[in-house]
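Participant: Next up is a structure, given as structure tokens.
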Amino acid sequence: MPAISQLYFKTAIALLLVGIAMGLHMSISGNHNVVGAHAHINLLGWATSALFGAYLALNRAKATGRLPFIQYGIHVVGVLLMTGALYVYLQGNAAMEPLIAIGSILFALGAVIFAWIIFKPE
Ligand code: HEM
Ligand code: HEM
């Protein structure tokens, strides 16, 4: 498997464990206030990261060069910022809103770059 896919899967499984911990904490406490952060860390952090890693493993020609690593960096910072700030925001800290916005924009940018990786000629 290419190095970028290894990196993506290691990141994805770490974020899944954090997402599961959040889910278990919500279930055990009976307080579902952080459901948004839980849903997004699982779906952006685990599912989307694993899909990016899987695509690059299946299309090794697309996994070469610096672009996939730049895309990875933007995606991971975006997911961590968006979901981390959302987690704190949902516990009542409204000052987190700009960080959620910046994280969301970085995540969106990462998705656009990944679209370019998929569509660019090999
Ligand atoms: C042990 C593992 C998990 C536990 C205990 C757990 C627990 C929960 C809880 C308590 C909620 C809130 C439900 C509500 O208030 O409506 C929730 C929502 C959600 N969970 Fe999990 N979860 C787990 C794993 C996952 C995983 C692995 C994913 C995705 C890959 C996931 C995706 C979601 C989504 C998308 C929602 C929001 C659903 C909605 O909007 O109705 N969860 N989870
Ligand atoms: C920049 C990207 C994204 C932004 C800004 C965003 C924003 C939002 C917002 C504002 C909500 C409504 C939350 C609420 O009413 O409490 C939401 C819900 C949801 N989003 Fe996203 N989203 C993004 C990406 C995604 C992606 C890529 C997925 C799936 C792969 C996803 C899955 C969900 C799900 C399952 C819900 C319902 C669960 C919940 O209520 O938290 N989102 N999102």
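The values are calculated or read from the model by the stated rules, or taken from the named source; none is laboratory data. Note that the structure is predicted; figures quoted are calculated from it, not measured. Glycine also receives a Cβ, built like all others from the backbone with ideal geometry; neighbour counts cover every protein chain displayed. These area figures cover heavy atoms from the full protein model, side chains too; ligands, DNA and RNA do not enter into them. Shrake-Rupley method; radii C 1.70, N 1.55, O 1.52, S 1.80 Å.
Participant: Return the pair list, or none, for Cβ contacts closer than 6 Å from residues in the stretch 60-83 that are open to solvent by less than 60 Å² (accessible area, probe 1.4 Å) to residues that are part of a loop (DSSP other than H, G, I, E, B) and not β-branched (Val, Ile, Thr), at least 6 apart or on different chains.
Facilitator: The qualifying pairs are ALA61/GLU122; ALA63/PRO2.
Participant: State whether the residues of the stretch 25-36 include one that is under 16 Å from VAL79 (Cβ atoms) and free of Cβ contacts under 8 Å to residues at least 40 places away in the same chain.
Facilitator: Scanning the stretch 25-36 turns up no residue that is under 16 Å from VAL79 (Cβ atoms) and free of Cβ contacts under 8 Å to residues at least 40 places away in the same chain.
Participant: Still on this structure: Here are LEU90, LEU15: which of them is within 13 Å of ligand 2 (Cβ to nearest atom) and closer than 22 Å to MET1 by Cα?
Facilitator: Details: LEU90 fails: closer than 22 Å to MET1 by Cα.
Selected residue: LEU15, the only one of LEU90, LEU15 that is within 13 Å of ligand 2 (Cβ to nearest atom) and closer than 22 Å to MET1 by Cα.
Participant: Hey, another quick one. Please find, within the stretch 91-112, the residue that is farthest from THR64 (Cα to Cα) out of those that are open to solvent by less than 90 Å² (accessible area, probe 1.4 Å) and more than 14 Å from the chain's Cα centre (by Cα). Don't jump to the end; show me each part of the working.
Facilitator: Within the stretch 91-112, the first condition is being open to solvent by less than 90 Å² (accessible area, probe 1.4 Å), and the residues that meet it are 92-96, 98-104, 106-111.
With the extra rule that they be more than 14 Å from the chain's Cα centre (by Cα), the set shrinks to 92-96, 98-99, 101.
Working: GLY92: 43, ASN93: 41, ALA94: 41, ALA95: 40, MET96: 36, PRO98: 34, LEU99: 31, ALA101: 31 Å.
Within the stretch 91-112, the match that is farthest from THR64 (Cα to Cα) is GLY92.
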